[in-house]
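Values in this text are rule-based calculations from the coordinates and carry no lab data. Keep in mind the model is a prediction, meaning the values are calculated, not measured. Note that we place each Cβ from the backbone using ideal geometry, even for glycine, and neighbour counts take in every protein chain shown.
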Amino acid sequence: MTHRLIFACEANICRSPLMEQVLRSRVEADLWEITSVGTRVGPGDRPMCTVSADVALAVGPGDSTVEHRSTAVDVEALHAAELVLTASRAERSAIAQLLPEARSKTFTLREAIHLGAAPLRSEELTAIADLIDDAPTEGLGAYAAALHRRRGFVAPPTAGRTLWGKRRPNALDIPDAHHGGSREHRSMLEGTARDVVELHRQLDAFLTAPVTDPAVR
């Protein structure tokens, strides 16, 4: 079974290519089809941000950071994907407008991690299959369906405020710090890489668990 996952950010030069590269470095290539796209890609094929590539290589080996070129989101690819993860709610909304039926399998990266923090149980997948005749019962599609079912039942994380009372960015978003200060930019990317490592931990626990394990399947 091939797991098809798309990462998306705005320009596809910084956040989403990093997500792609970090996950690629942690999974078996033969079992995964991982790509990254942008919802507002500018003219020309732009390479991956050098800071993003540096952070990706620090987390895990990869051989495609140099070859990366920005790619616009494609409806056909969205149809084929089992799970779509965006950097922020803005890209999540853009994808939903482009392909409304993709809403149920599209989450921000941090939203997916938050929804998947508790182990997915067999009764959740059974309930989904009872409601939807062609709902997937295994693989990445089943994982996305279970996360979608948890929407509205799992309280969203709170952003809080800084010591100076300034409201923090929404906890479901990875803010675009590409044009900010160098320290802020790198910090954002390093945090994103850690998020992908946690995503992989959750995905691996689900995808590699025995089918008979009631705590997961």
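What longest region of the chain stays clear of GluC sites (Glu not before Pro) that DSSP places outside H, G, I, E and B and that have at most 15 other Cβ atoms within 10 Å? Longest run free of exposed loop sites: 139-217. Rounded to the nearest 10 degrees, the angle from helix 15-24 to the longest Cα principal axis of the chain is 60 degrees. Say a site is exposed when it is one of the chymotrypsin sites (Phe, Trp or Tyr not before Pro), sits in a DSSP loop, and has at most 14 other Cβ atoms within 10 Å; what is then the longest site-free stretch of the chain? That gives 1-152 as the longest site-free run. Of the trypsin sites (Lys or Arg not before Pro) found in the stretch 85-119, no site is in coil according to DSSP while having at most 16 other Cβ atoms within 10 Å of its Cβ.
Here the sum of -39500 (n - 2.57) over DSSP H runs of 4 or more residues, divided by the residues of the chain, equals -13000 deg cm²/dmol at 222 nm, to the nearest 500. Separation of the stretch 25-68 and the stretch 82-98, taken as the distance between their Cα centroids, equals 18 angstrom. For HIS68, the residues whose amide H sits under 5 Å from its own are MET48, ignoring neighbours fewer than 5 places away on the same chain, with H placed 1.01 Å from N. Here the chain is assigned +1 on the Cβ of each Lys and Arg and -1 on the Cβ of each Asp and Glu. Its dipole about the Cα centre then comes out at about 1140 debye. For the pair MET1 and SER182, what calculated FRET efficiency results from E = 1/(1 + (r/R0)^6), where r is the Cβ-Cβ distance and R0 = 25 Å, to the nearest 0.05? Between SER182 and MET1 the formula returns 0.05. Less than 5 angstrom separates the built amide H of TRP32 from those of HIS3, all sequence-distant by 5 or more or on a different chain.
Round to the nearest 10 and give me the degree value, 0 to 90, for the angle of helix 122-131's Cα axis relative to the longest principal axis of the chain. Helix 122-131 and the main axis of the chain meet at about 80 degrees.
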